[in-house]
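Undergrad: One structure is given below, represented as structure tokens, and several questions about it will come after.
Throughout, read-outs are computed from the coordinates displayed, never taken from laboratory work. None of these values were measured; they are calculated from a predicted model. Using ideal geometry, Cβ is built from the backbone for each residue, glycine included, and neighbour counts are taken over all protein chains shown.
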Amino acid sequence: METLDPSALGIEMPHPDHEQHLCFLRNVGQLTKNLEGYKKLVKDPKFVCTMCGRAAASEKNVCVGEAL
């Protein structure tokens with residue numbers, strides 16, 4: 001999945017690398033624009049975000065990850 005430039009969208013990030021997190025990607029429409037790319041991030045999840053509950057294969061795709 002492509003990395004989005006939050007500054008080009010006029011979005012201030014709450015923390016570094018947030019543009020790779022599932023919550024951000026969903027909020028900017030990537031769930032509907034690139035469902036296949038989003039599926040790759042959540043396939044065979046190994047981490048859950050303790051803030052929003054989303055699960056991802058890589059810890060880099062959640063804000064506060066905890067191993068499943």
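Undergrad: Would you please name the residue that is farthest from GLY65 (Cα to Cα), looking only at residues in the stretch 18-51 that are of a type in the set (A, V, I, L, M) and assigned to a loop (DSSP other than H, G, I, E, B)?
TA: Top of the filtered list is VAL28.
Undergrad: Of all residues in the stretch 45-57, which are loosely packed, with under 13 Cβ neighbours inside 10 Å and in contact with a Leu (Cβ under 8 Å, 6 or more places away or on another chain)?
TA: Once the filter is applied, which keeps residues that are loosely packed, with under 13 Cβ neighbours inside 10 Å and in contact with a Leu (Cβ under 8 Å, 6 or more places away or on another chain), the stretch 45-57 yields only LYS46.
Undergrad: Something else about it: Give me a count of the residues in the stretch 35-55 that are under 16 Å from HIS15 (Cβ atoms) and small (Gly, Ala, Ser).
TA: Number satisfying all stated conditions: 0.
Undergrad: Which one is nearest to the chain's Cα centre (by Cα) among residues in the stretch 31-41 that are surrounded by 14 or more Cβ atoms within 10 Å (Cβ to Cβ) and of a type in the set (A, V, I, L, M)?
TA: Checking each candidate, the answer is LEU41.
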